[in-house]
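Below you'll find the structure, written out as structure tokens, and then a few comments.
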Amino acid sequence: MKYTQCSTILVVPTLNESANIRACLLSLISQAPLANIVVVDGNSIDNTRKIVRDMARNHVNLTLIENPECIQSHGINLAVAVCAKPHHQILIRCDAHAIYPPQFVAKIITSFNTHDVAGVVVPMDSTGKNGFGRAAAWIVDSVLGNGGAKHRGGSYSGLVDHGHHAGMRLDWFKSLAGYDASFSHNEDAEYDHRVVRAGGRIWMNADARVTYNMRGSISTILQQYFNYGHGRARTLAKHRIRPKLRQRLPTLNLILLSACLIGPLWWPTMVWIPIAYLMVLLVVSLTAVMRLRQLSGLWAGPALAFMHNAWAVGFVHFKLRGMPRG
């Protein structure tokens, strides 16, 4: 069986993405004129839906549908249920924050034609629109920022357990009932775990890279990484998986820093733990200034602290609450 653009459906979940959606869709439309592109919107209150409707007047392969549940996992499942036709064999999940390079869709399709796999994932190269965003993008693509995750700025091609979601064979997606729609975050890793457990294989194509726009403010980074940590903890709990070292370290760091709030009263040497952490963050910031050649690189250390600790708070928050029922 040979997969083509005509057998492909692209789904873009959105929520208040007026700043990014036009560039994202233009990058997809220009390279996939024969594929169906579905934007599934979770009740945006900005101009996202108006932008998509205006673009759809000039592009017959572009469709907008509403996602009343707002959660993107539910939205993608909904798009498949409502818009996928019998001739659709490949689902490509797209991110409104991403800009897709020429031939991206073609490379995903080629990966399925070349390898007998259930899914194709890709590396993600981060960027930013302001000083904070660029500093956060620089650090998140480093080992300190991502713990060595292959899909964060890496160059590895081959079989993996997880990566940034791109293509999924619809027969696999449907047989596994799609994403767990109760997950607001980390639904991709949870889905990949079920794929591998069911005997499917996942291929990472380092030639099909995605450029991702990092959030540009402290509050949005904190919320994003809190959700990431919460979602990861929920995935581990659902499938009774032991966390990897890179997932344990942020939580351990948070516990140590919290202990240092009162610990030095009994063990004065504990004061060196937060001092050492601050020194690491300072070195990160100074290195970023030199690498980026911008003073805004000073934000890299604080951004790293925000990401690590917000992730850990989200992880611990879930652990304290326990697995929700239902």
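What do you reckon, is Gly163 assigned by TED's automatic domain parsing to the domain that holds His115 and over 28 Å from Ala135 (Cβ atoms)? It would help to see each step written out before you state the result.
On the way: assigned by TED's automatic domain parsing to the domain that holds His115: yes; over 28 Å from Ala135 (Cβ atoms): no.
When the stated conditions are applied, Gly163 does not pass them.
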Quick one: is Leu236 without any contact (Cβ under 8 Å) to a residue 40 or more places away in the chain and buried (at least 17 other Cβ atoms within 10 Å of the Cβ)?
-> yes
Can you tell me which residue among Thr235, Thr211, Thr251 is among the β-branched types (Val, Ile, Thr), under 17 Å from Asn146 (Cα atoms) and not assigned by TED's automatic domain parsing to the domain that holds Asp95?
-> Thr251
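Within the group Ile99, Ile90, which residue is within 17 Å of Lys2 (Cβ to Cβ), touching a Phe, Trp or Tyr at 6+ places or on another chain (Cβ under 9 Å) and in contact (Cβ under 8 Å) with a residue 60 or more places away in the chain? Give the derivation first.
Working: Ile99 fails: within 17 Å of Lys2 (Cβ to Cβ).
Answer to the selection: Ile90.
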If we keep just the residues of the range 274-290 that are within 27 Å of the chain's Cα centre (by Cα) and among the small types (Gly, Ala, Ser), which is surrounded by the fewest Cβ atoms within 10 Å (Cβ to Cβ)?
-> Ser285
From the residues in the range 133-148 that are among the small types (Gly, Ala, Ser) and assigned to a loop (DSSP other than H, G, I, E, B), which one is surrounded by the fewest Cβ atoms within 10 Å (Cβ to Cβ)?
-> Gly148
Would it be correct to say that Ala166 is part of a helix (DSSP H, G or I), within 16 Å of the chain's Cα centre (by Cα) and at negative phi?
-> no
Enumerate the helices (runs of 4 or more DSSP H) found wholly within the range 234-326, keeping only those where 1 or more residues are of a type in the set (D, E, K, R) and modelled with pLDDT of 90 or more.
-> 245-259, 272-292
Filter the range 140-187 down to the residues that are under 23 Å from Ile99 (Cβ atoms) and of a type in the set (Asp, Glu), then identify the one that is modelled with the highest pLDDT.
-> Glu187
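Kindly indicate whether any position in the range 106-117 is without any contact (Cβ under 8 Å) to a residue 60 or more places away in the chain and either not polar (S, T, N, Q) or not assigned by TED's automatic domain parsing to the domain that holds Ile37 (or both). Even if it seems obvious, please write down each step before you answer.
So in the range 106-117, the residues without any contact (Cβ under 8 Å) to a residue 60 or more places away in the chain come out as 110, 114.
With either not polar (S, T, N, Q) or not assigned by TED's automatic domain parsing to the domain that holds Ile37 (or both) added as a condition, the list becomes none.
So far as the range 106-117 goes, no, none of its residues is without any contact (Cβ under 8 Å) to a residue 60 or more places away in the chain and either not polar (S, T, N, Q) or not assigned by TED's automatic domain parsing to the domain that holds Ile37 (or both).
Are any residues in the range 29-41 touching a strand residue (DSSP E or B) at 6+ places or on another chain (Cβ under 6 Å) and among the hydrophobic types (A, V, I, L, M, F, W, C), and if so, which ones?
Ala35, Ile37, Val38, Val39, Val40
May I ask you to list the residues in the range 178-187 that are surrounded by 18 or more Cβ atoms within 10 Å (Cβ to Cβ) and out of contact with any Phe, Trp or Tyr (no Cβ under 8 Å at 6 or more places or on another chain)? Outline the logic, then answer.
In the first step, residues of the range 178-187 are kept if they are surrounded by 18 or more Cβ atoms within 10 Å (Cβ to Cβ); the result is 178-180, 183, 185-187.
If the condition is that a residue be surrounded by 18 or more Cβ atoms within 10 Å (Cβ to Cβ) and out of contact with any Phe, Trp or Tyr (no Cβ under 8 Å at 6 or more places or on another chain), then Phe183 is the only one that fits.
Yes or no, residue by residue, for (1) of a type in the set (A, V, I, L, M); (2) in contact (Cβ under 8 Å) with a residue 60 or more places away in the chain:
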position	(1), (2)
Ala166	yes, yes
His193	no, no
Ile202	yes, yes
Asn205	no, yes
Met214	yes, yes
Ala259	yes, no
How many residues does the range 11-41 hold that are acidic (Asp, Glu) and either free of Cβ contacts under 8 Å to residues at least 60 places away in the same chain or surrounded by fewer than 21 Cβ atoms within 10 Å (Cβ to Cβ) (or both)?
-> 1
Residue ID - modelled with the lowest pLDDT, chosen from residues in the range 188-209 that are farther than 20 Å from Val105 by Cα, crowded, with 17+ Cβ neighbours inside 10 Å and of a type in the set (Gly, Ala, Ser) = Ala189
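The values are calculated or read from the model by the stated rules, or taken from the named source; none is laboratory data. Predicted model, so just to flag it, every value in this text is computed and none were measured. Here the Cβ is made from the backbone with ideal geometry for all residues, glycine too, and neighbour counts use every protein chain on show.
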